[in-house]
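Values quoted throughout were computed directly from the atomic coordinates according to the rules given, and no laboratory measurement underlies them. No experiment lies behind these values; they were computed from the predicted model shown. Every residue, glycine as well, gets a Cβ built from its backbone with ideal geometry; the counts of neighbours run over all protein chains shown.
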There are 2 protein chains.
Amino acid sequence: MSSPNSNRFVIDQQVEDIEMPENLKLNTFLQEFSVDCSHPECNFGNYGFAFGQAPFPVPKPVVDALVKNADKGTYAPVSGITELKNAISKYNKHYFHINVDPKRIIVGPGTKELIFNLLELLHGTVILPTPAWLGYLPQIRFLRKNYHMLPVNKDGKISPNKLKHLALRLHDRQKILILNNPNNPTGLFYSQLELEEIADVCRQQKITVISDEIYAMTTYDFSQFVSMLQIYPEGTFVTNGLSKSHAAGGYRIGYVLFPQHVVNFREQFKKILATEYTATSTPIQHAAIAGFENSVEMDDYFKVTRELHKIMGEYTYNRLNEIEGVVTTKPEATFYLLANFNYYADDFAANNIKTSQEFSIALLDHPYHTALVGGDSLVLERTDFSARIAFVDYDGNNAMKNWIAKKPSTASARLEFVHQNAPRIVKGLDMIERFLKDVKTKSIVKFTHKEKNSNAI
Amino acid sequence: MSSPNSNRFVIDQQVEDIEMPENLKLNTFLQEFSVDCSHPECNFGNYGFAFGQAPFPVPKPVVDALVKNADKGTYAPVSGITELKNAISKYNKHYFHINVDPKRIIVGPGTKELIFNLLELLHGTVILPTPAWLGYLPQIRFLRKNYHMLPVNKDGKISPNKLKHLALRLHDRQKILILNNPNNPTGLFYSQLELEEIADVCRQQKITVISDEIYAMTTYDFSQFVSMLQIYPEGTFVTNGLSKSHAAGGYRIGYVLFPQHVVNFREQFKKILATEYTATSTPIQHAAIAGFENSVEMDDYFKVTRELHKIMGEYTYNRLNEIEGVVTTKPEATFYLLANFNYYADDFAANNIKTSQEFSIALLDHPYHTALVGGDSLVLERTDFSARIAFVDYDGNNAMKNWIAKKPSTASARLEFVHQNAPRIVKGLDMIERFLKDVKTKSIVKFTHKEKNSNAI
């Protein structure tokens, strides 16, 4: 690959220093696998518990609106088109019971970029609860911000007391808590009471909150979800968008709700957006209006997709927890749970699997071909064998139709539904069980595909 | 507007320090104007020579492709979808005679963001020829990069000799020249010979070039356009996209062509994109394929829109240069020219117009209501009364139809075509002439709308 010109360019040290974000790394891995498995008996089946993408079609009103506005080629205003901001304001009123003036809303090309822009905007030290979504840390590092981890309690949630003690140790003029609620990777969400306790600490310690609520609409018992903006309106920035609730991550659109009473301050944020990317795609903004407008069709969509996430989560939770030594969080929202495989640490060691990354790689190898997101990608210790399991590897379109046609009403009907509609989830979980059994009997040969060693297993 | 909470947040100093990008500032101005003019006789007509946006509809094949792919909700790969990179590769082969492996192509949400990302990627001091597009400098400043201006020669172009002397003074390990070709604001483009002379200096002085060729397809005599990547393949990054040539700035899609022999190095770039924004909108990428694929329909579109830019440029050039003391560049591409009003400096001073910004504001005021981009927004001296005139304020859809129906063949028919199809350009240029006459007779009252002084003029 080298050439006389390879090194003629000087790359910024900051760029060299950041690691490849994990989602990208994993993608590369899987691409290599799909061509590289050289086992003669391999009929390649990749069971994907790694990707965080809802399997459903984009809601019809959204697609229809994109079709109708496909010819809109002119630049949009930097903060978003007025009709969209109005729709977002009403959406937040209707579903989250918060009154947000459209002037407090800024639209951007995905919440990932908006969170990056908020981290550019806000001076201060970041408090990152762990485990965490794999997107935050590369952003914090790339921006060279000071940061501190805040490991969650055994129940998978932030301890207000630990938050307070950490904040007391930080002497920056401003502290920024990244609250991901509902949470990726645990699938848990914070109750109103829990949020109030966190907000109390934030008020005392002058902590600004970036509340990433991208999974809010997926909360299985939706009436229980409460936005942090309701609890701590003076200090919370909320980010949300179409990506998860509307299965439209590929559209690239999100929004920020600004805290109360910061009108002028938003102008500073707009400067960043105007400097970096002008505006968000105009046709996509028009499409998003339909996704945020209240309608029977959207209501039904949220309801059905929520129920499907719940049944898949329930199955995945039950199946994993019946495996010897495996414990997991019990998902109440999102399409993830966090599974703890540390019970197998000694067995892994005996198979020369010493880190969570080696665990992920071994599980990707023949014959398991099962992808999950290992602990080091979730900002856990390298030797912590916890992993995120996404339960979305099924035909969502089909599952929606079957669910609407006949909703399973008994426990056995629910089991049958999963077997019928999500056979790859069923098989993939079987593979995890098989892998753990093989590990116990020391029959794992790690990462053989690289060596094209077809007799390895 | 102030409140007890206004100042509770601490904003990053870097953000406070950057100025609002000029396009945003201007937008705000115009919005204020459209509601604020309080002159009793004002029938508000805003003649827009300020916005850099082609007036045409998005080409039908592109709109059709967006309609067809409106349901594509899944995330795209970070560097762009394969079919799009293939289409871009063929497009560059067909129109620009450059062979670019699709692996050397990276797609992003607009060239503005890609240029920002390149400036993040590349270490070094930036050389910015002036006058310059209003987007570069806020990016350079926000990233706290070292930079030096390189004022162009009287002919509106970079002097290779001055470039050399500037480079010799810079002791950074890498120098980055931002070459905007064809050029915004001058409307000029560099001949093959001129590019070769610049490339010679870049080779000697190890200067890396970011060649922003977003206006390439608008070159009136298209066969004369040559990409810098053809001349200096080992040191040039080219950026281009749909925004100008396809009148789809609102779609937000662009691409970078990487220099030869830098395969691994692209991975560094992908890290930045994955950290900041995941990927570019999937439906928009699919739409873009149709815009880059070679077809009779697209060929005709490029031809007609180019001819319309040319005739509007010709009229604007002739009309301005017949005004006493006004000299302008003669556009050969883009939809801009640079007009020099310095002849009026003393008359401006007598009217209390001392800077180019005051000039812009005075011209926006009643009764002229004419918007242009003043010199300070083009990175010229504050007292340089040069301004960018964009000749796009007409109904492009209609003009295309009329042009196709009956192309004017004589000089008087061409004049008649502009009067019929672009009456606002005609009137706006009349307003500039009237303004300059009024300035001579000291009858300008500056920026009166703010004071609601309806008897001002």
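The ranking of B:Met298, A:Met228 by Cβ neighbour count inside 10 Å, starting from the fewest, reads B:Met298, A:Met228. The residues B:Asp212, A:Asp200, A:Asp155, B:Asp347, when put in order of fewest to most other Cβ atoms within 10 Å, stand as A:Asp155, A:Asp200, B:Asp347, B:Asp212. Each eigenvalue of the Cα gyration tensor of the stretch A:74-293, multiplied by 5 and square-rooted, gives one semi-axis; in descending order these are 27, 20, 16 Å. When the alpha carbon gyration tensor of the protein assembly as shown is reduced to an equivalent ellipsoid, its three semi-axes come out at 51, 31, 27 angstrom, largest first.
Per residue of peptide B:74-83, the mean number of Cβ atoms on other chains within 10 Å of the residue Cβ is 4. Take B:170-178, B:56-64 and order them by the average number of nearby Cβ atoms within 10 Å per residue, most first; the result is B:56-64, B:170-178. Charged side chains reduced to their Cβ positions (Lys and Arg at +1, Asp and Glu at -1) give the protein assembly as shown a dipole of some 320 debye around its Cα centre.
Taking other C-beta atoms within 10 angstrom as a stand-in for reagent exposure, B:Arg382, B:Arg388, B:Arg169, A:Arg252 fall in the order B:Arg169, B:Arg382, B:Arg388, A:Arg252, fewest first. What's the angle, to the nearest 10 degrees (0 to 90), between helix A:111-121's Cα axis and the longest principal axis of chain A? The angle comes out at about 60 degrees. Computed from point charges on the beta carbon alone (+1 for Lys and Arg, -1 for Asp and Glu), the dipole magnitude for the stretch A:74-293 about its Cα centre is near 560 Debye.
Quick one: angle between helix B:22-36 and the longest Cα principal axis of chain B, in degrees between 0 and 90, rounded to 10, please. Taking the Cα atoms of chain B, the angle to B:22-36 is about 40 degrees.
For chain A, the longest principal axis of the alpha carbon atoms and the long axis of helix A:282-292 meet at an angle near 90°.
Electrostatic bookkeeping for B:Ala216 treats Lys and Arg as +1 and Asp and Glu as -1; over the other residues with beta carbon under 13 Å from its beta carbon, the sum is -2.
With K and R counted +1 and D and E -1, the other residues having a Cβ less than 12 Å from that of A:His286 yield a net charge of -2. The packing ranking of peptides B:83-91, B:97-105, highest mean first, is B:83-91, B:97-105, where packing means the average number of other beta carbon atoms within 10 angstrom of each residue.
Amide H contacts of B:Met149 (H built 1.01 Å from N, in plane; Pro and chain starts excluded): B:Leu128 sit under 5 Å, all sequence-distant by 5 or more or on other chains.
Remark: relative contact order (the stretch A:74-293) = 29 percent; criterion is Cα-Cα distance under 8 angstrom and separation of 6 or more residues.
Computed from the Cβ-Cβ distance with R0 of 45 Å, the FRET efficiency linking B:Thr410 to B:Ala350 stands at 0.60. Close amide H contacts of B:Leu170 (hydrogens built in the peptide plane, cut-off under 5 Å, sequence separation of 5 or more or a different chain): none are found. Per-residue mean of foreign Cβ neighbours for B:58-68 is 4 (Cβ atoms of other chains, 10 Å radius). Taking the label point 7 Å along Cα→Cβ, A:Glu19 and its counterparts in the other copies are spaced 4.2 nm apart, in ascending order.
Measuring against 19 Å, Cα to Cα, the residue pairs B:Lys303/B:Lys407; A:Lys270/B:Lys112; A:Lys103/A:Lys244 contain A:Lys103/A:Lys244 as the ones spanning a longer distance.
Judged by the mean number of other Cβ atoms found within 10 Å, the most tightly packed of the peptides B:13-19, B:368-374 leads the ranking B:368-374, B:13-19.
Per residue of B:264-271, other chain Cβ atoms within 10 Å of the residue Cβ number 5 on average. Couplings for the stretch A:218-223, taken from phi via the Karplus curve 6.51 cos²θ - 1.76 cosθ + 1.60 with θ = phi - 60°, read 8, 4, 4, 9, 4, 4 Hz in order; Gly and Pro are left as x.
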